[in-house]
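A short worksheet on the structure shown next.
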Amino acid sequence: MAIADSVPGVSGGTIAFLLGFYDKFIGAFNNILSGNKEQRINAAKFLLKLGAGWIIGFIVCVLILSSIFQSNIYQISSLFLGLIIFAIPVIIMAEKECLKGKYANLIFTIIGIVIVCLITYYNPVSGEGSSINLTQPSIELALYVFVAAIITISAMVLPGISGSTLLLAMGLYLPLLNAVKEVIHLDSSYLLMLCIFALGLIVGIFSVIKIVKHCLDAYRSQTIYLILGLMIGSIYSIIMGATTLEVPQPAMSLSTFHILFFILGGLVLVALEFMKKKMTDDRFV
């Protein structure tokens, strides 16, 4: 999830959905807010493990993988394309009971595709936002960073909508990545703005979770059709991902598409599905 959230065009929520723990992910946050004591304890354990993995993955991405993203964006984009395209039929099969016979809800799939494509199409390249200086705090900047964090985490919770892409649109993607790097290297001048951003993330995720949980419980068919649309739309986001680099590159084309990495993405999905099935089977042994 952290690797996906670090790459513009890909959503960590998509990865949670692909791996089959999206409902548990949403439910855990909901239980923290309104569950009984046992539910809150179990939810906290789950979120602590997930959060620890996310933080480690994100730090690795910032310190090590960010340069690889820049120099191998087409290979990485091809891999994520494979992961998502192969996942769509898997999700349809897993949710066939709530999808079958309710084809009028395909309108939600179209809406999902349009939402992601519009967000991607109207997104400026990242270099245009690099002038924001997070070492010079002000009330206006703090408010902007706080609101941006709420919007970003709300998007990351939804499969298909990339929080990184929205940060690019708001001119904060590169400044925040740079701030994280500097704080890791013990530069405290960025710490205040990062704390404000973290506070916005917390407020945002608990604000949107109730809505998502209600939609999954009360309108599951419409929500799954919408999520499928968001994922299909993210294919366009990934194709355009190279245009959002610090030094923008052309969008992926047939000549820059890497079939081997595309197949590797599919194989990664197969391996993850096998692991998920094995863990599920072991639970009932």
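Of the residues making up the stretch 208-225, just one is β-branched (V, I, T) and surrounded by fewer than 16 Cβ atoms within 10 Å (Cβ to Cβ), namely I211. Among the helices (runs of 4 or more DSSP H) confined to the stretch 172-285, the ones with at least 2 residues that are over 30 Å from Y74 (Cβ atoms) are located at 191-218, 220-239, 259-283. Among the residues making up the stretch 174-207, a single one is open to solvent by less than 30 Å² (accessible area, probe 1.4 Å), closer than 17 Å to I59 by Cα and not hydrophobic (A, V, I, L, M, F, W, C): P175.
Taking helices (runs of 4 or more DSSP H) as the structural unit, those lying wholly within the stretch 1-117 and holding at least 3 residues that are within 18 Å of R220 (Cα to Cα) and touching a residue at least 40 places away in the same chain (Cβ under 8 Å) correspond to 12-18, 22-34, 73-94.
The values are calculated or read from the model by the stated rules, or taken from the named source; none is laboratory data. These figures come from a predicted structure and were not determined experimentally. All Cβ positions, even for glycine, are placed from backbone atoms using ideal geometry, and neighbour counts span all protein chains on display. Heads up: the accessible areas ignore ligands, DNA and RNA and are worked out on the full protein's heavy atoms, side chains in. Shrake-Rupley method; radii C 1.70, N 1.55, O 1.52, S 1.80 Å.
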